[in-house]
Amino acid sequence: MIVVSKRVPIPPEQVFAVLADGWTYASWVVGAAHIRRVDGNWPQAGSRIHHSIGPWPVQVKDVSSVVAVEDDELLELEAHVWPIGSAKIRLTLTPDTAGGTEIQMAEKLVGGPLRVLPERVQAALLAPRNTESLQRLADIAIHR
């Protein structure tokens, strides 16, 4: 898995509140452009966000679904971007002794043609994108 992390000066529950609001997904996930629908039981396991990926006018409609969740600690997703494939994404929130949170984002391509790329190539593609996603998530959580 490709892993990036960021420390924020707020508690995990404040970060998780953003993750638990599916309507913010396109605000912090780089590449997500539009949220069409969020299942009412989001972020329970099996719930989905129906979103579009990519720039207009070539947006692709797809979904991301919750694989596992632990309130204020973990959100694991399977994100689909047809026809490119799918990815498993794990967001882990770890409290620190100063009252802040270490956010870790791990991603692995699991479906489609890009999953066969060597890990260093995947890292070159995913790490910068996920670093920016964590910065956006942090900005929203801190200033919410």
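The three principal axes of the Cα atoms in the range 1-140 give end-to-end lengths of 43, 37, 25 Å, sorted in falling order. This ranking places Met1, Met105 by how few other beta-carbon atoms lie within 10 Å of each, fewest first, which gives Met1, Met105. Annotation: extensible slack from His143 through Val116 equals 5.8 nm (criterion: 0.36 nm per residue apart, minus Cα-Cα distance).
Between Gln135 and Glu73, the contour length at 0.36 nm per residue exceeds the Cα-Cα span by 20.5 nm. Here's how it looks for Val110: its modeled amide H is under 5 Å from those of Ser86, Ala87, Lys88, which are all 5 or more places away or on a different chain.
For the chain, the 222 nm mean residue ellipticity estimated from helices alone, with every DSSP H stretch of n ≥ 4 adding -39500 (n - 2.57) and the total spread over all residues, rounds to -8000 deg cm²/dmol. This ranking places Ser86, Ser64, Ser47 by how few other beta-carbon atoms lie within 10 Å of each, fewest first, which gives Ser47, Ser86, Ser64. Shown for Trp23, Trp56, Trp28: other C-beta atoms within 10 Å of each C-beta, ranked fewest to most, produce the order Trp56, Trp23, Trp28. Consider a paramagnetic label point 7 Å from the Cα of Ala33 along Cα→Cβ; state which residues of the range 39-70 have an amide N under 17 Å from it. Only 50-64 pass the distance filter.
Every number in this text was worked out from the coordinates using simple rules, so none of it is lab data. On a predicted model such as this, the values are computed, not experimentally measured, just so you know. All Cβ positions, even for glycine, are placed from backbone atoms using ideal geometry, and neighbour counts span all protein chains on display.
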